[in-house]
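> Can you read through this structure? Questions will come right after.
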Amino acid sequence: MKIWDISRTLSNDLAEWPGDEPCCFRLTRQKAKGESVNLGAISMSVHNGTHADAQFHFDTNGESIEKAPLETYLGRATVVDLAQAFLDSKEKHLITIEDLRPSAEAIAATSRVLVKTGRWSDSAVFPNQIPVIAADVPAWLQKNGVKLLGMDLPSVDEIDSKSLQNHHALARAGIAIVESLDLSDVASGIYQFAAPPLKIAGGDGAPMRAILWRE
């Protein structure tokens, strides 16, 4: 069985969202200093690294992450590799229905879609600008039975967006959001997918260890 780890590594070098709480891991006890164990502690935003957004993140009345149905994050997923298109055109900024349509049959069959753009290759450097889905994409995804959208980017909206229109549109369409995947070693196609978010009471999101595999 081949397994692909599509999670970004949590480390003190990981670039956080500008102004957000950075990842800080430290050893509070060390065997090298005479302690019986090595013991670590971590502090960071729950949106660092590969994570799930809860609706509470952008809607005060939305559900928090511990209430998210786990079956959404487990099952078959379609990877759509658009990296070459974004490499060929630095001006390309939108992920459109036309980009997704060639994979429509697989997307409908799996109900989860992971979009690879290749536009965030260095996790230590936060991108200044990212591609985003076009405004009509959430409705198209809903029509095709999609219940989860994953991206290899830190957001489904523009970095400077305050309205978070894509977050809201995806929520209205019943589509869960996964951000900051690492799809660099993954080709287009259908995979088995598992990425349950941590069970954080009242959480607006949660880190996850996302993997793909094929038998």
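No value in this document is a laboratory result; all are computed from the given coordinates. Note that the structure is predicted; figures quoted are calculated from it, not measured. Backbone-built Cβ (ideal geometry, glycine too); neighbour counts: all protein chains shown.
> Report the FRET efficiency, 1/(1 + (r/R0)^6), for Ala109 and His168, where r is their Cβ-Cβ distance and R0 is 30 Å, rounded to 0.05.
On the way: r = 27 Å, r/R0 = 0.90.
Rounded to the nearest 0.05, the efficiency is 0.65.
> If you build a Gaussian network model of the chain, linking Cα atoms that sit under 10 Å apart, which residue out of Ala85, Ala104, Ala194 swings the most?
Sorting by GNM fluctuation, first place goes to Ala85.
> What full-extension length gain, to one decimal in nm, is calculated for Ala85 and Asp185 as 0.36 nm per residue of separation minus the Cα-Cα distance? All intermediate terms of the calculation are to be shown ahead of the outcome.
Numbers: separation 100, 0.36 × 100 = 36.00 nm, distance 1.66 nm.
34.3 nm is the gain from fully extending Ala85 to Asp185.
> At most 13 other Cβ atoms within 10 Å plus a DSSP loop assignment makes a site exposed; report the longest stretch of the chain without any exposed trypsin sites (Lys or Arg not before Pro). Before the final figure, lay out the partial values.
Working: sites that count: Lys90, Lys162, Lys199.
Counting at most 13 other Cβ atoms within 10 Å as exposed, the longest clean stretch of the chain is 1-89.
> Loop only by DSSP, 15 or fewer other Cβ within 10 Å of the Cβ. Give me the GluC sites (Glu not before Pro) in region 73-168 that pass, ordered by residue number. All intermediate terms of the calculation are to be shown ahead of the outcome.
On the way: sites: Glu91, Glu98, Glu105, Glu158; in loops: Glu91, Glu158.
Within region 73-168, the qualifying GluC sites (Glu not before Pro) (loop, at most 15 other Cβ atoms within 10 Å) are Glu91.
> Also, quick follow-up: For every other residue with a beta carbon closer than 14 angstrom to the beta carbon of Glu71, add +1 if it is Lys or Arg and -1 if Asp or Glu, then tell me the sum.
Values: positive: Lys67, Arg76, Arg112, Lys147; negative: none.
Result for the local shell: +4.
> If Lys and Arg each add +1 and Asp and Glu each add -1, what is the summed charge of the other residues whose beta carbon sits under 12 Å from the beta carbon of Thr110? Don't skip to the end; give the middle numbers.
Details: positive: Arg76, Arg112, Lys147; negative: Glu105.
Here the charged neighbours net out to +2.
> For Ile211 and Ala32 in the same chain, what is the full-extension length gain: residue separation times 0.36 nm, less their Cα-Cα distance, in nm?
61.1 nm
> Just rank Val186, Val80, fewest to most, by other beta-carbon atoms within 10 angstrom. Could the numbers behind the result be given before it?
Values: Val186 18, Val80 21.
By the 10 Å Cβ count, ascending, the order reads Val186, Val80.
> For Ser43 and Phe126 in the same chain, what is the full-extension length gain: residue separation times 0.36 nm, less their Cα-Cα distance, in nm?
Details: separation 83, 0.36 × 83 = 29.88 nm, distance 1.89 nm.
Length difference between fully extended and current span is 28.0 nm.
> Please report, to one decimal in angstroms, the Kirkwood hydrodynamic radius of the chain built from all distinct Cα-Cα pairs.
Numbers: mean 1/r = 0.0561 Å⁻¹.
When all Cα pairs of the chain are included, the Kirkwood radius is 17.8 Å.
> Also, quick follow-up: Is there a quick way to get the dipole size of the chain? I mean about its Cα centre, with the Cβ of Lys and Arg at +1 and of Asp and Glu at -1; what is the value in debye to the nearest 20?
620 debye
> Okay, moving on. Give me the net charge of Phe126's neighbourhood, meaning all other residues with Cβ under 11 Å from the Cβ of Phe126; Lys, Arg count +1, Asp, Glu -1. Working shown, then result.
On the way: positive: none; negative: Glu16, Asp20, Asp122.
Within the 11 Å Cβ shell, the charges total -3.
> Among Leu100, Leu27, Leu70, which one moves the most in a GNM of the chain with springs linking Cα atoms closer than 10 Å?
Leu27
> Let me confirm the definition first: pairs of Lys residues in region 32-191, 8 or more apart or on different chains, C-alpha distance under 20 Å. How many are there? Please report the intermediate quantities before stating the final value.
On the way: Lys67/Lys147; Lys90/Lys116; Lys92/Lys116; Lys116/Lys147.
Going through region 32-191 pair by pair, I get 4.
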